Each structure stands twice: as C-alpha cells, then as structure tokens.
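Undergrad: This is the structure, below, for whatever I ask next.
The values are calculated or read from the model by the stated rules, or taken from the named source; none is laboratory data. As the structure is a computational prediction, the values presented were derived from the model and not from experiment. All Cβ positions, even for glycine, are placed from backbone atoms using ideal geometry, and neighbour counts span all protein chains on display.
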Amino acid sequence: MKIYLSGILTAGNLNKLWKDMSKIYLSGGSSRKYVIEIAVERYLESIKSSDKSQIQKFESANPYVLESFFYIQRNSEWLMALRPFFRGFLLDSGAFTYLQGNGKNVNWNKYIESYAEFINKYDIDLFFELDIDSIVGIKKVEEYRKRLEELTGKKSIPVWHKSRGLEYWKEMVSDYDYVAIGGIVTKEIKGNEFPIFTPLLKMAKEKGTKVHGLGFTNFRGLKKYNFYSVDSTSWVYGNRGGFLWQFDGRDMLKHFNKGMKLEARKAAIHNYLEWCKFGIYAEQYL
C-alpha cells in the first residue's frame, strides 16, 4: 500500500526546507544527494541542531506526496521542481477549499480550465476529478470530468461517494484503472460503515482497478482493507497537537510531551521522517 503524505510542501513547518531544496536544485544542484545534504544542513542550522544523521534519513525518505491544486498553484515553479525528490505525486483538485473562499458564485468551467492548464504544464499523470457532487450534482460532476479529460488528454481519478450508489461504483471500476473513495474525512462514511470497503475493493480487484482511500489512515483499517493507496495529513497534526509520532516497526505511536513545549521545526522534521518510515513499511507489507 502506498501512503501519500498530504501537504508536506505547503503545510507544517518544513516549508523553509523545501524552498531551500528547490532553490539549490534549480540553480544547478549536481545530484539528489548533494541538494538534500546542503538544504538539510541549512535547515538544521536554522533550528540550532547538528544531528547529521538527519541528512541520511532525508536521503532515504523519498515519500509519496499529495498536494492540492488550490494551494500549490500559487508557488508552482519551485514546488513542482521538487517532484524528482519524491517517489510519486498525486494532485487533488482543491475544489472544496476553493468553494469555501468563494461562496457559491464559482465559475467551475474557468476553474477546470486552470486546473487542466496546470496539469498539462507540469505533465501530471495522477489527478482527481472535481468530486463536488453535493454542490452541483452528479450529472454536472460528470460533465466537468469529461471536460477535464478532454483538456488534458488523460483520464482523471474519479471519486466515489456513498450517494453515487453501488451500481455507479461498478461502472467506475469497469471504466477506470484507478479510482478513489471519498467522504471518509467528512464522515459521510462513518467508522461503523468501513466494512463496505471489503466488497468495493473486491469488485475493483476483479477488474484490475486500483483504489485510493482519500484521507484514510485508520491504522486498523490499513491492515484490514487492501487499498492500493491512501493519503494522510496526520504527520502534520503531531506538532499541532503537541505530540511526536514514532514508528515502532509495525505501527505509529503517539508520544505526548506533558508539561513541555515542542520545538515546532524539530517536531516537524521528526514526525515527517517517522511517517516516511511507516510509508516504506506499508508499501512492503500492507
């Protein structure tokens, strides 16, 4: 199972590190190792840390990354330059985030054109449709998906919601080789309904279709349900929630520093690297 870390470029306290890494790379950095070594050294100096082992950890991390078009489009040049440093890249449409800032007066056709232009400019292969069923209805979503695919010349990753029903799922896994299940983060699909994943994943497997679980990092669920890939922002919530993540060889554990304030940047680099370890484990064993 592939675990995509969501928002590592645009969220948390590692933004300075990624910016430096991009600048060094764009200015003619000779190798991945060289770029990471210089950038991490500068980052460690900025947080008054001299743990050189962190450089080796960064070199071996090589994560899968998911970013939102809404956030990444503003700084696209330096952000997208970092793709060679990641094992894989997924692009979310950012439609719901955009909606929150613009109310219901949204020109979705214009948004799709901008989204498609970005996909074409950076030759992105894996990107999600605008799964805004609850806002515009499934027929409009289908129209927008068709338009997006016409503009890019590529298949998007359609996102199934419970409201679409079982028959729609069957059509999706027959027509696409990569699909996603949404509504997990928003509790549209509640915890006691997770067993529905079993038959859905079975149908997809029979068709040879890969399934992504959007925002699904329930640790028991990761071992129980055989998703091809999932994504998570959980690595960010450690420094936000005042705890450190630790990968113990099989699971991710939380450690709270009671009565002690976490140093945000040190916590961010630690939590990021622990999640990278878990990602390597998950790809091999889950």
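Undergrad: Does Leu44 meet the test of being farther than 18 Å from Glu263 by Cα and aliphatic (A, V, I, L, M)? Show your work before the answer.
TA: Numbers: farther than 18 Å from Glu263 by Cα: no; aliphatic (A, V, I, L, M): yes.
No; evaluated as a whole, the condition is false for this residue.
Undergrad: What about Trp275, is it among the hydrophobic types (A, V, I, L, M, F, W, C), outside any helix (DSSP H, G or I) and under 27 Å from Gly183 (Cβ atoms)?
TA: Working: among the hydrophobic types (A, V, I, L, M, F, W, C): yes; outside any helix (DSSP H, G or I): no; under 27 Å from Gly183 (Cβ atoms): yes.
Considered against the rule, which asks whether it is among the hydrophobic types (A, V, I, L, M, F, W, C), outside any helix (DSSP H, G or I) and under 27 Å from Gly183 (Cβ atoms), Trp275 comes out as no.
Undergrad: Does the stretch 119-144 hold any residues that are of a type outside the set (Val, Ile, Thr) and within 20 Å of Gly215 (Cβ to Cβ), and which are they?
TA: Scanning the stretch 119-144 gives Leu126, Phe127, Phe128, Glu129, Leu130, Asp131, Asp133, Ser134.
Undergrad: Testing Phe194 on (1) surrounded by 14 or more Cβ atoms within 10 Å (Cβ to Cβ); (2) within 21 Å of the chain's Cα centre (by Cα); (3) of a type outside the set (D, E, K, R); (4) within 23 Å of Leu90 (Cα to Cα), one condition comes back false. Which one is that?
TA: Single failed check for Phe194: (4).
Undergrad: Something else about it: Which residue pairs have Cβ atoms closer than 9 Å, lie 6 or more positions apart in sequence or on different chains, and pair a first residue in the stretch 1-20 that is at positive phi with a second residue that is in a strand (DSSP E or B) and of a type in the set (Phe, Trp, Tyr)?
TA: Matching pairs, first to second residue: none at all.
Undergrad: Consider the stretch 207-250. How many of its residues are part of a strand (DSSP E or B), in contact (Cβ under 8 Å) with a residue 60 or more places away in the chain, closer than 18 Å to Glu274 by Cα and not small (Gly, Ala, Ser)?
TA: Residues in the stretch 207-250 being part of a strand (DSSP E or B), in contact (Cβ under 8 Å) with a residue 60 or more places away in the chain, closer than 18 Å to Glu274 by Cα and not small (Gly, Ala, Ser): 2 in total.
Undergrad: Name the single residue that is modelled with the lowest pLDDT among those in the stretch 57-97 being over 23 Å from Trp275 (Cα atoms) and among the charged types (D, E, K, R).
TA: That would be Arg74.
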